[in-house]
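*Asks:* Sharing a structure, written as C-alpha cells. Questions coming.
Coordinate-derived values only; no laboratory data. For clarity, every value in this text was computed on a predicted model and none was experimentally measured. All Cβ positions, even for glycine, are placed from backbone atoms using ideal geometry, and neighbour counts span all protein chains on display.
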Amino acid sequence: MPEVVHTDSTNSYVHAGELRVHQAPALAVTKTTDPPWLACLRLAAPALAVLPLAVVGIVRISSNPDYSMFPFIVALAAWLAMARSRELGPLTPGRLPAAWIMAGLLILITALSVFAIQRASLLCILLAIVAIGWRLGSCPLVRAWAPALACSVWFIPAPMGWHDLAIRALQGWAVLAAHQVLVAIDVLHAIRGHLIALPGQTLFVSEACSGARMLLLLGALSCLWCVAIRGNALFMTLLLATTIGWVVVINITRIVAIVLGLKVGINLSEGWPHTVLGLGLIPFGIILILGTGILLDWIMAWRQRPTLLEANSAPTVWLPLQQAAWPNWVIAWCGVLFVFQVAMAGVVTIREIPAWRATAHLPLLNDALPKSMAGWQQISGPVLVESPEMMPLGVRSQQWTYSDGTLAVQISVDDHFAGWHPLNDCYAFMGWQQKVLNEEIGALGPLMLATYESGQRRHGFLVFGLRSRSGHWIGRPGIVKRYGFALINHLKHLYFGQGIDETESPTRQVQIFIETRKPLDADGQRRLVAFFESIRLNLEPHMWPGESP
C-alpha cells in the first residue's frame with residue numbers, strides 16, 4: 001500500500017455503509033491512497049480466499065431438508081451483527097498478529113483446501129470474518145459480531161456421528177411421548193422401536209420426522225434472540241433447554257395429528273399435506289420460543305435493556321479502512337488461495353460420489369451350521385433376508401433361529417461391508433437403547449458385546465464380529481483410523497475419480513441376538529458368548545471361500 005504522510009492525509013472511512021472523505025489542511029504533499037472499493041477488497045481478502053468452497057458447502061447443505069434454512073439464518077445473523085456494531089462509537093483497529101502466526105494459519109487453510117472439505121471452509125470463513133472484525137475494531141467489534149455469527153454453527157453438520165446420535169435420540173423421544181399421548185386419548189396402537197403400528201397400517205418415524213430440522217431452526221433462532229436482547233449465559237441456557245422440549249412437543253403434535261388424520265380418512269403422512277403440516281408448525285414453534293423468552297425475562301426480573309431499534313440510533317461506527325488493511329504478502333497469498341479454491345470447487349462440483357454397494361454374495365449356507373450345537377437346537381434357517389435399511393447398500397443376510405427350550409436366539413451372516421460396520425448402531429436405530437458396549441478378544445479374534453433395553457420390559461443382548469477377506473477377525477477402529485480411511489476415500493474420489501473399494505478389506509459379519517424379559521446375568525452372557533464362538537468357528541471356512549490367505 002502507498003505510504004501516507006499523516007500530517008496531510010486523505011483517510012477513507014466507512015460510516016454506516018457509506019463512504020465519507022475528510023480533508024485535513026494542506027501542509028504537505030500526500031501520496032495517493034487506495035480507492036474505497038479496493039480498500040474493502042483488500043480487507044476482505046481472508047474471507048474471500050475460502051469463499052469458493054464455502055459457497056459449495058452452503059449450496060449442498062441447503063439442498064438437505066434438515067439444513068434448508070441455513071441461508072436465512074446466516075443473513076439474519078449478519079444483519080444482527082451489523083446492527084449491534086452501530087452502537088459502539090469510534091473504533092481502533094486491532095494490532096496485526098505476528099507474521100509467523102498469520103503464515104501458519106494460511107498454511108493450515110491451504111492444506112484444508114487441498115482436501116476440499118467444504119465444512120472446513122465454512123468454519124474458516126466464519127473465523128476470517130471474526131479476524132476482519134478484529135482488524136477493523138479490535139475487541140469491541142469482535143464482541144459485537146462473534147455471538148451472532150456463532151449461531152450459524154448450528155447449521156454446520158456435527159462431526160464424528162454426533163448429528164446421527166441426536167437424530168436417533170429425537171426419534172426415540174418423539175415415539176415414546178406420542179405413545180403416551182395416544183394412550184391418554186384411547187387410540188389403539190402399538191410401538192416397536194421407531195414404528196407405530198395402527199390397525200391396518202404401520203407408521204415409521206424416519207430421520208426426516210425426528211424433529212432435527214425444527215431443532216436446528218428453533219435452536220439457531222433462540223440463540224439469535226438471546227443475542228438481540230443481550231441475554232446473559234443463564235438466560236441462553238434456559239431458553240435452549242426449553243427449546244429442545246418445545247421441539248419434542250411440536251414433533252409429538254405432528255405425529256398425533258397424522259395418526260388422528262388416518263383415523264378419519266385423511267392421509268397427512270406423505271405428499272403435500274405432510275409438507276403443509278410441517279411448515280405450519282414452524283410459526284407455532286417460533287411463537288413458543290418468543291413466549292418462553294418473555295416469560296423467562298419476567299421471571300428473572302431483568303432490568304430494561306435497549307432494543308435493536310434503540311441501538312440503531314446509538315453512536316455511529318467509524319471504521320478506518322486504510323489503517324485496517326492486511327500486509328501485501330497476506331493479500332497475495334489469499335489471492336493465490338482463492339484461485340486454487342475456485343479450481344477445487346469446480347472439481348468437487350463436477351464429481352459425483354459413487355454409491356458403494358455390496359457385490360459377489362455368498363451362496364445359501366445350507367450345511368454350514370449343525371442342527372445341534374452347544375446345547376442349542378436349530379429351529380429354522382438359513383433364510384435369505386434383505387433388510388429395508390440395508391437394501392440401498394445391497395447387503396444381504398442369511399438367518400438361523402436356535403432354541404434351548406426356553407430361549408430363542410437369532411443368528412445372522414451379513415454379506416458384506418467395506419471394512420468395519422457398527423452393527424450396534426443398527427439396533428439403536430430400530431429403537432433399542434444401548435446400555436453397554438464392550439470389545440473382547442475371543443478364541444478367534446475380537447468380538448463386540450452390547451446390551452439393550454426398550455419399552456415394555458424388553459432386554460436385548462448382542463454379540464457380533466467381522467471377518468475380513470484378508471483372513472482376520474477385526475476389532476473396532478479408533479477415531480484416527482476411522483477418519484483416516486474416510487479421508488483416503490475422499491481424496492481417492494476427488495483426485496482420481498475412484499470409489500471407496502479396496503481402501504479397507506471387505507468384511508462379512510456374524511451376529512447373534514437374543515431378546516428377553518429380564519436382563520441376562522453374567523453366566524447367561526458367558527454362555528451366549530461361548531455359543532457365538534462355536535458359531536463363527538463353524539462359519540469361518542465358509543466366510544470367504546478361496547480368498548483367505
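*Asks:* Multiplying the sequence separation of Trp298 and Phe496 by 0.36 nm and subtracting their Cα-Cα distance, what value in nm do you get?
*Replies:* Answer, rounded to one decimal: 65.3 nm.
*Asks:* What is the packing order of peptides 513-519, 398-404, taking the mean over residues of other C-beta atoms within 10 Å and listing the highest first? Walk me through the intermediate numbers first.
*Replies:* Numbers: 513-519: 14.0, 398-404: 17.9.
Highest mean packing first, the order is 398-404, 513-519.
*Asks:* Please report the net charge: other residues with Cβ closer than 13 Å to the Cβ of Leu494, K and R +1, D and E -1.
*Replies:* Net of charged neighbours comes to +1.
*Asks:* Follow-up. Can you tell me the length gained on complete extension of the stretch Glu439 to Ala44, counting 0.36 nm per residue apart and subtracting the Cα distance? Don't jump to the answer; show the numbers that get you there.
*Replies:* Values: separation 395, 0.36 × 395 = 142.20 nm, distance 5.06 nm.
Computed gain between Glu439 and Ala44 is 137.1 nm.
*Asks:* Hey, quick one: spin label on Val336, modelled 7 Å out along Cα-Cβ, who in segment 111-128 has an amide N within reach, i.e. under 14 Å?
*Replies:* 111, 114
*Asks:* Continuing with this model, one more query. I want to check the label-to-label distance for Ile488 and Arg457. Put each point 7 Å from Cα in the C-beta direction and report it in nm to one decimal.
*Replies:* 5.0
*Asks:* Would you work out which of Val55, Ala148, Leu88 lies farthest towards the positive end of the dipole of segment 35-161? Charges go on Cβ: Lys and Arg +1, Asp and Glu -1.
*Replies:* Positive-end residue among those listed: Leu88.
*Asks:* Would you mind getting me the FRET efficiency between Ala150 and Ile107? Use the beta-carbon distance for r and R0 = 30 Å, nearest 0.05.
*Replies:* 0.75
*Asks:* Restricting the calculation to Cα positions, tell me the Rg (one decimal) and the Dmax (whole number) of segment 470-549 in Å.
*Replies:* Considering segment 470-549 through its Cα atoms, Rg and Dmax are 17.9, 53 Å.
*Asks:* Using the basic label-point model (7 angstrom from Cα toward the beta carbon), what is the Ile350 to Asn328 distance in nanometres?
*Replies:* Each label point is offset 7 Å from its Cα along the Cβ direction, giving 3.5 nm.
*Asks:* If the cut-off is 22 Å between C-alpha atoms, which lysines fall inside it for Lys518, apart from same-chain ones fewer than 8 positions away?
*Replies:* Output for Lys518: Lys435.
*Asks:* Taking the Cα centre of segment 323-440 as origin, sum charge times position over the Cβ atoms of Lys and Arg (+1) and Asp and Glu (-1), and report the length of that vector in debye to the nearest 20.
*Replies:* Details: 5 positive and 10 negative charges, 62 e Å.
For this selection, approximately 300 debye.
*Asks:* Give, in nm to one decimal, the length gained when the segment between Ile185 and Asn64 is fully stretched (0.36 nm per residue of separation minus the Cα-Cα distance). Intermediate values should be presented prior to the final figure.
*Replies:* Working: separation 121, 0.36 × 121 = 43.56 nm, distance 3.52 nm.
Gain in length upon complete extension: 40.0 nm.
*Asks:* Also, I was wondering about something else. What ³J(HN,Hα) values, in whole Hz, does the Karplus curve 6.51 cos²θ - 1.76 cosθ + 1.60 give for segment 250-259 when θ = phi - 60°, with x put for Gly and Pro?
*Replies:* Values, residue by residue: 5, 5, 4, 4, 5, 5, 5, 4, 5, 5 Hz.
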